[in-house]
Amino acid sequence: MRRFQVAGVPQLVSQRGHNRLPCFSDGADFSRFNEVLRSSAEKYGCDIQAHLLLPDAYWAVLMPTEKHSISKTLQLTGRLFVQYTNKKYRREGTLWAERYRACPIEPTATYLASINRYLDVLPVNRGYGASGKWPWMASSLPMVGTKGLPSGEIETIDRALQSGAAYGSPEFVLDLEKQTGQRAVARRRGRPSVSPIG
């Protein structure tokens, strides 16, 4: 699916290291990426509502003020951080496995809180310690209800992020499709079903 370019709609974005190799090897790398992301976001009009850095990937929730704020922010962030990494480690070539992935999020407390909990449990699920203890996560998103996510919600968010589909209520999805003229729900994989003849 084509990525959405809509001002005023937050998006969860993510990018992984090439061949799942580390992008961040020490505290200086984590700090440098945060600095580059923050300066790029300020330049192109993105509010960073949350971010999570793990050794081989990053996630962020960005609120764009203009149509192309997110794409410009992440293009500049990626370029500057690759320059930093290549110089520091005397390497060449790309750092990222592919272009960033993104999914629009319904900007209500319920859905933003689910994204917040999703980011909070990722370090735990990957063996980096207890909830709330990972130092390279920051968030201003709401925390509504009890800790944890409903069964299957992590998979739902994962699928939305991987496919570029919207994460939100049917009403939000429909409104986004009307606003952009783009499909906001991923099609099922495989060949379409064929009605029997006769």
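The values are calculated or read from the model by the stated rules, or taken from the named source; none is laboratory data. Given the structure is predicted, the values throughout are model-derived calculations rather than measurements. All Cβ positions, glycine included, derive from the backbone under ideal geometry; neighbour counts span all protein chains shown. When the accessible area is computed, the model is the full protein with side chains, heavy atoms only, and any ligands, DNA or RNA have been set aside. Shrake-Rupley method; radii C 1.70, N 1.55, O 1.52, S 1.80 Å.
Among the residues making up segment 157-181, those that are closer than 19 Å to Tyr100 by Cα and buried (at least 16 other Cβ atoms within 10 Å of the Cβ) are Ile157, Ala160, Leu161, Gly164, Ala165, Ala166, Tyr167. Could you tell me whether any residue of segment 118-132 is open to solvent by 40 Å² or more (accessible area, probe 1.4 Å) and assigned to a helix (DSSP H, G or I)? Yes, some residue in segment 118-132 is open to solvent by 40 Å² or more (accessible area, probe 1.4 Å) and assigned to a helix (DSSP H, G or I). Of all residues in segment 49-71, those that are closer than 19 Å to Arg20 by Cβ have Cβ atoms under 7 Å from Cβ atoms of residues that are polar (S, T, N, Q), 6 or more apart or on another chain, in Ala57/Ser14; Ala57/Gln15; Tyr58/Ser14; Tyr58/Gln15; Trp59/Ser14.
If you go through segment 158-189 and keep only what is of a type in the set (Val, Ile, Thr) and either over 24 Å from Ser71 (Cα atoms) or modelled with pLDDT of 95 or more (or both), you end up with just Val173. Tell me, yes or no, whether segment 12-22 has at least one residue that is open to solvent by less than 20 Å² (accessible area, probe 1.4 Å), in a strand (DSSP E or B), in contact with a strand residue (DSSP E or B) (Cβ under 7 Å, 6 or more places away or on another chain) and farther than 21 Å from Leu95 by Cα. No: segment 12-22 contains no residue that is open to solvent by less than 20 Å² (accessible area, probe 1.4 Å), in a strand (DSSP E or B), in contact with a strand residue (DSSP E or B) (Cβ under 7 Å, 6 or more places away or on another chain) and farther than 21 Å from Leu95 by Cα. The set of residues from segment 23-48 being open to solvent by 30 Å² or more (accessible area, probe 1.4 Å) and aromatic (Phe, Trp, Tyr) comprises just one member, Tyr44.
Residues are listed down the side, and each one gets a yes or a no for (1) modelled with pLDDT under 95; (2) over 22 Å from Glu177 (Cβ atoms):
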position	(1), (2)
Arg2	yes, no
Ala7	no, no
Leu12	no, no
Gln15	no, yes
Val36	no, yes
Asp47	no, yes
Pro55	no, yes
Tyr58	no, yes
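Considering segment 62-79, and only residues there that are in contact with an Asp or Glu (Cβ under 9 Å, 6 or more places away or on another chain) and of a type in the set (A, V, I, L, M), the residue that is most open to solvent (accessible area, probe 1.4 Å) turns out to be Met63. Name the residues in segment 71-110 that are assigned to a helix (DSSP H, G or I) and in contact with a Pro (Cβ under 6 Å, 6 or more places away or on another chain), would you? Scanning segment 71-110 gives a single hit, Ala109. Flag: Pro192 matches the condition of being farther than 29 Å from Ala97 by Cα, open to solvent by 90 Å² or more (accessible area, probe 1.4 Å) and modelled with pLDDT under 95.
Considered as a group, the residues in segment 23-60 that are among the aliphatic types (A, V, I, L, M) and assigned to a strand (DSSP E or B) include one that is farthest from the chain's Cα centre (by Cα), and that residue is Leu54.
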